[in-house]
Each structure stands twice: as structure tokens, then as C-alpha cells.
Amino acid sequence: MHDTGAETPDAPGYPAEFAERYRAAGYWRGETFGQMLRERAQAHPDRVAIVDPAGEGRRWTYGELDLRADRLAAGLLARGIGKGDRVVVQLPNVAEFFEVVFALFRIGALPVFALPAHRETEIRHFCAFTEAAAYVIPDVSEGYDYRELATKIRAEVPTLKHVLVAGEPGEHTALAEATAEPVAVPDAPAPHELAFLQLSGGSTGVPKLIPRTHDDYIYSLWGSNEICGVDEDSVYLCALPAAHNFPLSSPGTLGALYAGARVVLAPRPSPDVAFPLIEAEGVTITGLVPPLALVWTEAAAQTPHDLSSLQVLLVGGAKFSEEAARRVRPALGCTLQQVFGMAEGLVNYTRLDDPEETIVTTQGRPISPDDEIRIVDDEDDDLPAGETGHLLTRGPYTIRGYWRAPGHNATAFTADGFYRTGDVVRLTETGHIVVEGRAKDQINRGGEKVAAEEIENHILAHPAVHDVAVVSMPDAYLGERTCAYVVLREGAAPVKSLAVKKFVRERGLAAFKVPDRVEFVTEFPQTGIGKVSKKDLRAAIAAQVAAAAAAQH
Ligand code: OOB
């Protein structure tokens, strides 16, 4: 038995004294995902685990999911994929997502959770940076052929030996062909070891990878289940992209499977797809980002579908306005639970029995009594109670460092291991957190995170561009959108806004990262010390947006 949490040459683990404390307190139960699924399958093999309504509609029982994971695990081992190997998983909301991740969990290979929206630039980075051995994709999803992307990436990344396809494989290997008769897994992962790498929303040039252990992540699952009332009778609708930390673990699909509940996969989160599923499957709980929660509350007024099974709607990923929050219960007849979480760890929920005022005006409080919260000023000094400042956190399911990023870790964490969330918050008298803003250089586009620096680097590659600053602009629907302020080179031929957007798109980026608006200026406002003042740029574009809105009314 090791003392530490996840100490590896690739990422800092939990110091031994903390790991001991978290075990002694009962947070870390010494379970792994592989065992967890086996135990559930043994306890209730015939209970439905996954409902995938796409295609002809599939319903996998716990027994079937367990067997499929075993067979795929054996097939992967036979192909030379094993413990510690990285596998980039880019699947939409299909049943195979769970077959694949549990097979990987079982053999100790690490899923790297890409989103379906990611394209060439992101996938190349994930595969190359993690030296991935395999890449798992759908054939075609939402009109996009992932097999072509895989062909390209495979030619560029020498470690990438296997491309596995859920569906028609083309020149690659079908998942269905990659299975074998179950075998005993040599060197199965231990609870304190890494389970997967999650993506950071990030504020730097390239997304950072978040190493999570079985012990720490499983604690966040059962901790969430207790707070959100998820038990074996629950039915969780996965409406957001399954690989994102929110629908994965808050309490999400993995929380639901931990509880022995049923997971229903929505291919898309729109009411026309989700409402019939809620009715047909008796969905009790789901999670949405704020823009979708707004769409749902509006659509609920006229839907012919019976949504009465729905007990809890979790809303998070971005700030949910108080006005919108107030509409949830009357419109959907369920309890709103605000969730303020991050893939790095810390997750806060309003509690089901909190007063309605707390539910609609705060972003909740931490899962764990051992989640340490500090609210500090720019000098890292603690602020008096109730004041607004930077949120730092440390605890039993918050990472101590990113994967293979020692330089970045030196600033993203304090010397004593607190993670700098980049969020600006205050605490209420009841200990609930109110998110007031953000200090990190990131745009939160309705829950989808865009790192300003990443987009700036891409725009700077345009031959006519001298300088660029990417900032958020207010948006009634998404909360924020992305605005790129561009200074052209002297003497460069004029460039149209559309051309800049096209340039970014053609560099092979997720569509949500393409700037929504491009403004050309001859110089940037400066701060006192001569840096670009993004604050002034944000204020300028906000004023323009407000003036345009006023002119329309
Ligand atoms: C979730 O995770 P990430 O890693 O995509 O993004 C984390 C960041 C937070 O640091 C914060 O800036 C923002 O997203 N955020 C919120 C929020 N929930 C997340 N900002 C304001 N209000 C909220 N309710 O987004 C995530 C992970 C697990 C559960 C829920 C969300």
C-alpha cells in the first residue's frame, strides 16, 4: 500500500499526510472504477445501466456493460495497450463511451477526455502531448467524419498506433472487432493511481491536462450523490457532452452508475430531443448550462410532454442569473440546484433543502467538510469574511498539479498546494459561495471555456495581423461571447472581420473558439505599466453592445 495519493513522475500527488487524512476520514474508500462496475454488475446484473436512444435504441444492463468492458479490456491488452498508456477518447453521447472508458479504467490505461467539438489542432495536441497509444472516435457524428481526422493525426503522431471507431471503421479498426475473450488483468490499477486525464478550461496557450485518481474522483461521485439525492431509483439524463466533467461527475453519469441508477443519453440537449426522453424514461435528474436551462424553461410552457418525473435540475458551468434561476421551479416543477465546479476538483452545490433565496442567489457550498476555501487579495492575503476576492482551494478531490506542466504548476498552485481557481467570489454568512467574476484570461461562452491566449496565438499567425487581444463581450443568451480586437500591420491590405474568423476556423479549432466578433483598431488602451488593458477593451465592447441593443428597442 502506497502512502501517497497520485505521485507520479508526470504530476504531483497528494502529500502523504493529506492522503492519510482523506482515507482516515472515509472520503477515499479504496475503490477503483473497474471494481465498482464489477460489484454493481454482480449485485444487479439485469438492471438497466445505459439507455442510448440513437439508432435502433439500445439498453445495456449492468451485466452487459460489465461484460463489454471486460471484452474490450482484453482486446486492448492484446493490442499492447496497457497500464499508464494514454488513449484519447472523443465520443459523442453514445453507449460505447462507457464501454470504452470502463475498459480503459480496468486495465489502468488513461482516457484523455476530448470533446466532440474538438478538431485537428486540439486533437493533434492531445495525442502528441500525451504520446497517446490510441484514439477512439465515432464514424460520423453531427455531419463530421472523424475517421478522416484520425487518418491525418495518425500520420503525424508516431506513438499513435490504434484508431478505434464506434461504427463503420473505414480504414481503421471497429471497436466491435477490438474485443477478445475476457482475461485476468495483470497489474490492475490501485485506488490511489491515476484514472484519467480531464481537460482544463484553461487560460493558457494550450489546454492543460488534469490528472484524477480513482480515489479522489469516486469520492466526488458519492459525495455528489448524497447531496443531489441520487440513489438506485434515479434516472440521470446526460444532455451535455458526456466527456465534460459536469455531466460526468456532478453527479453525472458516473455518479449514477456508482449508485446503481440508470443513465439516459441524449444525443442533443434541445427540448425536442430531451423532453420526449424525460417522459419515456421517467428521468429524475439532469444537468444543464445556463443558456440551455433558459431554453428549457421557455419550452416547458408549451410542451405536450409530461416532465413531472423530473425532481432536480442542476445548472452550472457558468453563472446562472438570479432572474433565470427564479423561473426554474415554476416552469419545470422541479428543484433547482446550482453547481459551481471545475474539472480540477472543487464542486459546490446549493442543497436541495436550502431556502429558495439561497438556491437562486448563490452557487452553493463545497461537497466536502475538508474542502479548504481561501478568499484572498492580489497579494495572497486572506480577506475579511464576506469580502470579494480570489478563490483558492485545496481538498480531497482537488488536484495538486497539472500533468507534465511543472512550470505552469509553479504559478497555478500556491507553495502549500492550494489551486488558484481564477474565480473571484465571496462567501455569504451561511458559507455559500457567490461567483462575482473572474481574474483568469478566459471567456466563458455559456459554459464552454475559451482561453484568450490560445485564440490570440492563432490570430497572430495571420500574415496581416500585428497584434491581437481577445476579450469577452456580454451576450443575452450565452452570458459572454468572444471579441477579438485586432491591430493590422502597417501597410497591410485591409482584412475583413469574416476573413479573420475563417482563418481561425481553418486552422482546425473547435467551432466555439472562433471569435464571435472582430474589431479593428490602430492601438490598444494601456494599463499604467504599459500592458494591454483588457479591462478597457471589455468596457468598450460592452458599451457598444449596449448601445446597439438600445438602438433596437
Ligand atoms: C465546470 O468545469 P470547467 O472545468 O469546465 O470550468 C470551471 C470554471 C470555474 O472555474 C468557473 O470559472 C466556471 O467554470 N464556472 C462557473 C460556474 N460553474 C463553473 N462560474 C459561475 N457560476 C457557476 N455555477 O464548468 C464544471 C465542473 C463540474 C460541475 C459544474 C461545472
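Which value, in debye to the nearest 20, gives the size of the charge dipole of segment 442-552 about its Cα centre, when Lys and Arg are +1 and Asp and Glu are -1 at the Cβ?
Roughly 200 debye for segment 442-552.
In percent, how large is the relative contact order of segment 442-552, given Cα pairs closer than 8 Å and 6 or more residues apart?
Reported relative contact order: 25 percent.
Lys/Arg Cβ at +1, Asp/Glu Cβ at -1, dipole of the chain taken about the Cα centre: which of THR130, ALA493, PRO384 is farthest positive-ward?
ALA493
In a shell of Cβ-Cβ distance under 15 Å around GLN35, excluding GLN35 itself, what net charge do Lys and Arg (+1) and Asp and Glu (-1) give?
Combined, the nearby Lys, Arg, Asp and Glu give -3.
Along the charge dipole of the chain, pointing to its positive end and built from +1/-1 on Cβ of Lys, Arg, Asp and Glu, which listed residue (PRO111, THR358, VAL434) has its Cα farthest out?
The residue sitting most towards the positive pole is PRO111.
Could you give the length gained on full extension between GLU387 and GLU120, defined as 0.36 nm per residue of separation minus the Cα-Cα distance, in nm?
Length difference between fully extended and current span is 91.8 nm.
Nothing charged except the Cβ atoms of Lys and Arg (+1) and of Asp and Glu (-1): what's the magnitude of the dipole of segment 266-363 about its Cα centre? Round to the nearest 20 debye.
So the magnitude is around 140 debye.
Per the helix-only calculation at 222 nm, which mean residue ellipticity applies to the chain, given -39500 (n - 2.57) for every DSSP H run of n ≥ 4 and division by its residues, nearest 500 deg cm²/dmol? Working shown, then result.
Details: 17 runs with 183 residues, N = 553.
Calculated from helices alone, the mean residue ellipticity at 222 nm is -10000 deg cm²/dmol.
Charges only on Cβ, +1 for Lys and Arg, -1 for Asp and Glu: so what's the dipole of the chain about the Cα centre, in debye to the nearest 20?
Dipole of the chain, to the nearest 20 debye: 1180 debye.
Compute the length gained on full extension between THR61 and ALA190: take 0.36 nm times their separation in residues and subtract their Cα-Cα distance, giving the result in nm to one decimal.
Result for the pair: 43.9 nm of gain on full extension.
Could you tell me the center-to-center distance, by alpha carbons, between segment 156-231 and segment 240-297 in angstrom?
20 Å
So who's got an amide H within less than 5 Å of the one on VAL136, skipping anything under 5 residues away but keeping other chains? H placed 1.01 Å off N, in plane.
Those lying under 5 Å, H to H, from VAL136 are VAL88, VAL89, GLN90, LEU164.
Work out how much length ASP416 to HIS553 would gain on full extension: take 0.36 nm times their residue separation and subtract the Cα-Cα distance, in nm to one decimal.
Values: separation 137, 0.36 × 137 = 49.32 nm, distance 5.28 nm.
Fully extending the segment from ASP416 to HIS553 adds 44.0 nm.
Counting other C-beta atoms within 10 Å, and keeping those with at most 12, which DSSP coil GluC sites (Glu not before Pro) do you find in segment 369-412?
Numbers: sites: GLU372, GLU379, GLU387; in loops: GLU379, GLU387.
Loop-located and lightly packed - GLU379, GLU387.
With a cap of 14 neighbouring Cβ atoms within 10 Å, and only residues DSSP puts in a loop, list the GluC sites (Glu not before Pro) found in segment 415-520.
Filter output for segment 415-520: GLU429, GLU490.
How would you rank ILE137, ILE455, going from fewest to most other Cβ atoms within 10 Å of each one's own Cβ? Spell out each step's value before the answer.
Working: ILE137 29, ILE455 21.
The order, fewest Cβ neighbours first, is ILE455, ILE137.
Can you check what the net charge comes to around TYR485, using other residues whose Cβ is under 11 Å from the Cβ of TYR485 (Lys, Arg +1; Asp, Glu -1)?
Cβ neighbours under 11 Å give a net charge of -2.
Find, among the chymotrypsin sites (Phe, Trp or Tyr not before Pro) in segment 441-546, those assigned to loop by DSSP (not H, G, I, E, B) with at most 13 other beta-carbon atoms within 10 angstrom. Before the final figure, lay out the partial values.
Values: sites: TYR477, TYR485, PHE503, PHE512, PHE520; in loops: TYR477.
Those that pass, being in a loop and sparsely packed, are TYR477.
For the chain, build the charge dipole from Cβ charges (+1 Lys, Arg; -1 Asp, Glu) around the Cα centre, then report which of TRP403, THR121, VAL283 sits farthest towards its positive end.
Selected residue: THR121.
Could you list which residues have their amide H under 5 Å from that of PHE520, counting only those 5 or more apart in sequence or on another chain, with H placed in the peptide plane?
Answer set, sorted by chain and number: VAL486.
Quick note: the coordinates plus some simple rules give every number you see, no bench work behind them. Here the structure is a predicted model, which is why all the values come from computation and not from measurement. In this analysis, Cβ positions are derived from the backbone assuming ideal geometry, glycine residues included, and neighbour counts consider all displayed protein chains.
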